[in-house]
Amino acid sequence: MPPRARRLAEVAAAFTPMPEMPFAIAVPGGSVAPDANWRRLGNRVRASRAAAPASYGDPRGVMELRHAIADYVRTSRAVHCEAEQVVITAGTQQGLYLAGRVLLSRGDHVWAEDPAYPGMTAVLDDLDLVTTRVPVDAQGIDVDAGLAARPKARAAFVTPSHQYPLGMPMSMARRNALLAWAQRQDAWIVEDDYDSELRYAGHPFPSLQGLDPSRVIYLGTLSKVLFPSLRLGYVVAPAPLVDAFAGARALLDRHSPTGDQHVLAAYMREGLFEAHIRRIRGVYAARRATLIAALDHHMPRNVTLQPSDQGMHLLLWLPQGADDVHLAKAALADGIVVRPISPMYRVAPRPGLMLGFGGFAPEELEAAAVRLRRVMDRDGSQRRTQPRRAS
Ligand SMILES: Cc1ncc(COP(=O)(O)O)c(C=O)c1O
């Protein structure tokens, strides 16, 4: 099998959806699914001339949606942009790929956070980029460590609102340091702002893009606040790069389905999108509080809970040497879906579990916390020593 084919087959395995059981991440059923307005509006808009069967569309996306998204990110995330800078994507996954295609060439050096989102590092590998994994501490990416390891990288791929998977926001000092590096090096920053809307306490930091629109490619997604199968997201690019993003998009799949884009544009224009976000934020906040209380009560003493003020998942740190991969497998056999954290590191893996709370009612979360404790007691993986991985 060609080496790239083997690598891509592994990627497919990693992207095969997990069963929709607690604590799977991104399961937007029940009271967090878009309400009846979404369906009604969808039927109405789809029957109208623009969204009814139509010819090829613009690879940049439907203009009404580009306007609606530009208005939204300007007010909600302090992004500096005009509608013409917005390119509609099939989600952030595609935005990451497009950013790599447009900005970088095979063999270029890039920074990625350590730990990082595996869907992002797989893109960097597939584009034959040379990745320096830069450690993350309580303030986000450690810019000094990146400078020490590979000062002349061409780009940095970061999750500043809510570091994936650890959950902390990037501090203002780090934002400034990262932007100063990018300016000095003439490098790019790819800002994956995947769940910035779901903040439960305090004020969000402004986007990196808003601090320096000339250096930053901003990526947004509808997967977290609407639903992942919609496959819609957006890139906000500096004006001179927009056509290149559109060209890269056209070569992949021309454009996103225009009907869905018109439905989303109408949903946003009529104020239903912001109302939906306000509603689900309340639901998620309650679920988050339930899960924190349940874990506080049911987890063993050698397991540490690290809640974050944002997003749809929490972290459980296991003691050093525990085998989080084994524990996740044992939990799955008991109807519990947790993501092990250690495989998301390259340099100094720490064992832990990601627990999604977004898609489940409080009583399901509570019951699953009890079951997870039982699996831990039976499996003993959180005490087992794991061989150290090569860096
Ligand atoms: C950090 C991060 N970036 C990107 C994505 C991809 O999102 P999308 O569904 O928009 O492709 C995800 C999905 O879970 C994510 O967690």
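The values are calculated or read from the model by the stated rules, or taken from the named source; none is laboratory data. Just so it is clear, the model here is predicted, and its values are computed rather than measured. Ideal geometry is used to build each Cβ from the backbone, glycine not excepted, and the neighbour counts take in all protein chains shown. To get the accessible areas, we keep the full protein, side chains included, count just its heavy atoms, and leave off ligands, DNA and RNA. Shrake-Rupley method; radii C 1.70, N 1.55, O 1.52, S 1.80 Å.
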Within segment 317-357, the residues that are within 19 Å of the chain's Cα centre (by Cα) and among the hydrophobic types (A, V, I, L, M, F, W, C) are VAL337, VAL338, ILE341, MET344, LEU353, MET354, LEU355, PHE357
Within segment 331-344, restricting to residues that are touching a helix residue (DSSP H, G or I) at 6+ places or on another chain (Cβ under 6 Å) and open to solvent by 20 Å² or more (accessible area, probe 1.4 Å), the one that is modelled with the highest pLDDT is PRO340
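Which one of GLY42, GLY95 is within 16 Å of the ligand (Cβ to nearest atom) and assigned by TED's automatic domain parsing to the domain that holds ARG254?
Values: GLY42 fails: within 16 Å of the ligand (Cβ to nearest atom).
Just one listed residue meets the conditions, GLY95.
If you scan segment 209-224, which residues turn out to be within 15 Å of VAL73 (Cβ to Cβ) and either within 11 Å of the ligand (Cβ to nearest atom) or over 14 Å from the mean Cα position of the chain (by Cα) (or both)?
Kept after step one, since they are within 15 Å of VAL73 (Cβ to Cβ), are these residues of segment 209-224: 209-211, 213, 216-222, 224.
Selection gives GLN209, GLY210, LEU211, PRO213, VAL216, ILE217, LEU219, GLY220, THR221, LEU222, LYS224.
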What's the number of the condition ASP324 fails, among (1) at pLDDT 95 or above; (2) of a type in the set (D, E, K, R); (3) open to solvent by 30 Å² or more (accessible area, probe 1.4 Å)?
-> (3)
How many of the residues making up segment 73-91 are surrounded by fewer than 19 Cβ atoms within 10 Å (Cβ to Cβ) and assigned to a helix (DSSP H, G or I)?
-> 5
Is it fair to say VAL87 is under 28 Å from VAL283 (Cα atoms) and among the aliphatic types (A, V, I, L, M)?
-> no
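Limited to segment 92-124, what total is found for residues that are part of a helix (DSSP H, G or I), open to solvent by 30 Å² or more (accessible area, probe 1.4 Å) and of a type in the set (Ser, Thr, Tyr)? Please lay out each step first, then the result.
Initial filter on segment 92-124 (part of a helix (DSSP H, G or I)): 92-103, 118-124.
Now restrict to residues that are open to solvent by 30 Å² or more (accessible area, probe 1.4 Å): 93, 97, 101-102, 118.
Filter again for of a type in the set (Ser, Thr, Tyr), leaving 97.
Residues that pass the stated criteria total 1.
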Within segment 126-165, the residues that are buried (at least 17 other Cβ atoms within 10 Å of the Cβ), more than 11 Å from the ligand (Cβ to nearest atom) and farther than 18 Å from TRP181 by Cα are LEU127, LEU129
If you go through segment 225-276 one residue at a time, how many are open to solvent by 50 Å² or more (accessible area, probe 1.4 Å), within 16 Å of the ligand (Cβ to nearest atom) and not in a loop (DSSP other than H, G, I, E, B)?
-> 3
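Would you point out the residue of segment 182-208, among those that are closer than 23 Å to ARG231 by Cα and assigned to a loop (DSSP other than H, G, I, E, B), that is nearest to the ligand (Cβ to nearest atom)? Walk me through it before giving the result.
Quick first cut of segment 182-208, residues closer than 23 Å to ARG231 by Cα only: 190-199, 207.
Checking which are assigned to a loop (DSSP other than H, G, I, E, B) leaves us with 193-198, 207.
On the way: ASP193: 9, TYR194: 4, ASP195: 7, SER196: 11, GLU197: 13, LEU198: 12, SER207: 15 Å.
My answer is TYR194.
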